[in-house]
Amino acid sequence: MNKNLKGTGVAIVTPFDKKGNVDTKGLTNVVKHLHDGKVDYIVVLGTTGESVTLNKNEKQLVIDTVVKANGNKLPLVLGIGGNNTHEVVNTIKHTDLKNFEAVLSVAPYYNKPNQEGYYQHYKAVSQATKKDIILYNVPGRTGSNVTWETQIRIAKDFKNIVATKEASGNMEQIMKVIKNKPKDFMVISGDDNLTLPIIAAGGVGVISVVANAFPKDFSEMVRLSLKHKFTEAQKLHYKLVDITDQLFADGNPGGIKYALSLLKKCEPYVRLPLCEPNVKVKEALQKLVKNYK
């Protein structure tokens with residue numbers, strides 16, 4: 001089991017300036033904020049990092065900025081995924097992964113492969129690197145689900161696929177993965193508000209969005225949950241639950257970037273086709289962040 005992937009991972013945002021350029025100062029601020037909040041690791045260039053709208057040079061700028069700001073303080077995970085298996089494999093092979101603990105690779109989207117397609121895709125990804133890999137199942141974005149049976153098959157057959165980030169929202173499916181997985185294979189929550197129940201069921205942590213803004217309380221909630229101190233963890237869970245709802249009410253990462261702007265960590269700008277949250281969501285977040293203690 002890769003213990004560096006337990007606890008609170010944060011899918012870090014990619015801040016932009018008003019002109020739409022990568023804001024390295026803002027990104028550095030967020031990394032330092034995560035350090036201060038005592039999170040366990042940082043995931044770079046995930047969905048929340050708007051990786052699909054960054055070009056190759058911008059991705060490298062994000063990587064370089066995070067690596068420098070991190071200063072080897074926390075393990076780093078790099079997002080490399082897509083719906084073109086050949087391109088994903090080629091990218092993994094030609095990316096310098098020396099600063100990264102693992103690769104987070106989202107299940108292919110849009111194509112809607114069958115379960116054998118998912119299996120063969122992850123076989124190819126597994127063979128492309130000796131680095132640990134986290135499978136990422138997020139049907140709400142990809143349009144189809146990697147079933148628990150397929151996740152178990154992948155976990156058993158490819159030893160460097162060490163975890164799944166499960167964002168299906170289907171607790172029955174998640175529990176079946178936990179029940180049937182190999183001993184050292186890890187189940188990581190992909191939903192902030194389901195993190196506590198997933199850990200209670202046997203998960204090892206989360207890759208979080210809300211922890212960009214509130215790393216201290218969220219990571220403490222995860223630590224308490226992992227110690228089975230659920231009464232104490234519940235207090236922090238419910239302290240954050242309304243904010244988390246609003247962060248996703250009109251699209252991610254628009255919500256979390258707006259919250260970070262209220263906290264003076266970075267600007268709220270996102271890239272098209274994404275837009276900032278609507279006025280109603282902004283007003284709700286303003287109130288929630290202002291009253292957060």
Item to check | Alpha-carbon centroids, the stretch 113-179 and the stretch 1-60: separation in whole Å | outcome: 23
Next on the checklist: At 15 angstrom or more along the helix axis (alpha-carbon based) and mean Kyte-Doolittle of -1.0 or higher, what helices does the chain contain? Whole DSSP H runs only.
Outcome noted: 24-36, 56-70, 215-226, 230-247, 279-290
Checklist entry - Around LEU61, with a cut-off of 12 angstrom between Cβ atoms, what is the net charge of the other residues, counting Lys and Arg +1 and Asp and Glu -1? => result 0
Checklist entry - Which lysines, on any chain, are close to LYS73 with Cα under 19 Å apart, when same-chain ones fewer than 8 places away are left out? => result LYS3, LYS6, LYS25, LYS32, LYS38, LYS98, LYS216
Checklist entry - Where the only charges are on Cβ atoms (+1 Lys, Arg; -1 Asp, Glu), what is the dipole of the stretch 3-226 about its Cα centre, to the nearest 20 debye? => result 460
Checklist entry - Based on the Cβ-Cβ distance from LYS159 to ASN90, what FRET efficiency comes out when R0 is 25 Å, to the nearest 0.05? => result 0.65
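Starting from the Cα gyration tensor of the stretch 164-293, take the square roots of the eigenvalues, sort them a ≥ b ≥ c, and report rounded, prolate or oblate (rounded when a/c is under 1.5, otherwise prolate if a/b is larger than b/c, else oblate).
Judged from the Cα gyration tensor, the stretch 164-293 comes out prolate (a/c at least 1.5, a/b above b/c).
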Checklist entry - Counting other C-beta atoms within 10 Å, which of ILE12, ILE63, ILE161 has the fewest, and how do the rest follow? => result ILE63, ILE161, ILE12
Next on the checklist: For the pair GLN234/LEU272, report the inter-label distance in nm, with labels modelled 7 Å from Cα in the Cβ direction.
Outcome noted: 4.9
Checklist outcome for this item: Env charge @ PHE230, Cβ radius under 15 Å, K,R +1 / D,E -1, value +3
Item to check | Under 5 Å, built H, 5+ apart or other chain: amide partners of THR129 | outcome: none
Checklist outcome for this item: Between ALA102 and residues 5 or more places away or on another chain, the pairs with built amide H atoms under 5 Å apart involve LEU78
Item to check | Net +/- balance of residues flanking ILE152 in space, Cβ distance below 11 Å, scoring K and R +1, D and E -1 | outcome: +3
Checklist outcome for this item: Scoring the stretch 3-226 by relative contact order with C-alpha pairs under 8 Å, at least six apart, yields a percentage of 22
Item to check | SER144, SER105 arranged by Cβ crowding within 10 Å, fewest neighbours leading | outcome: SER144, SER105
Checklist entry - Counting DSSP beta bridges with both partners in the chain, what percentage is antiparallel, nearest 5? => result 5
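At a 10 angstrom cut-off on C-beta neighbours, averaged per residue, how do the peptides 198-206, 166-174, 250-258 rank from highest to lowest?
Descending mean neighbour count gives 250-258, 198-206, 166-174.
Going by a ≥ b ≥ c, the root eigenvalues of the Cα gyration tensor, does the stretch 3-226 fall in the rounded group (a/c under 1.5), the prolate group (a/b larger than b/c) or the oblate group?
oblate
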Checklist entry - Which of the aspartates and glutamates could a cross-linker span from LYS59 if the Cα-Cα distance has to be under 14 Å and same-chain partners fewer than 8 positions apart are dropped? => result ASP23, GLU50, ASP96
Next on the checklist: Can you sort PHE185, PHE248 from fewest to most other Cβ atoms within 10 Å of each residue's own Cβ?
Outcome noted: PHE248, PHE185
Checklist outcome for this item: Looking only at lysines whose Cα falls under 16 Å of LYS282's and that sit 8 or more positions away or on another chain, we get LYS257, LYS264, LYS290
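Any read-out appearing in this document is the output of simple, stated calculations on the displayed coordinates, not a laboratory observation. In this text the structure is predicted, and so the values were computed from the model without any measurement. Glycine also receives a Cβ, built like all others from the backbone with ideal geometry; neighbour counts cover every protein chain displayed.
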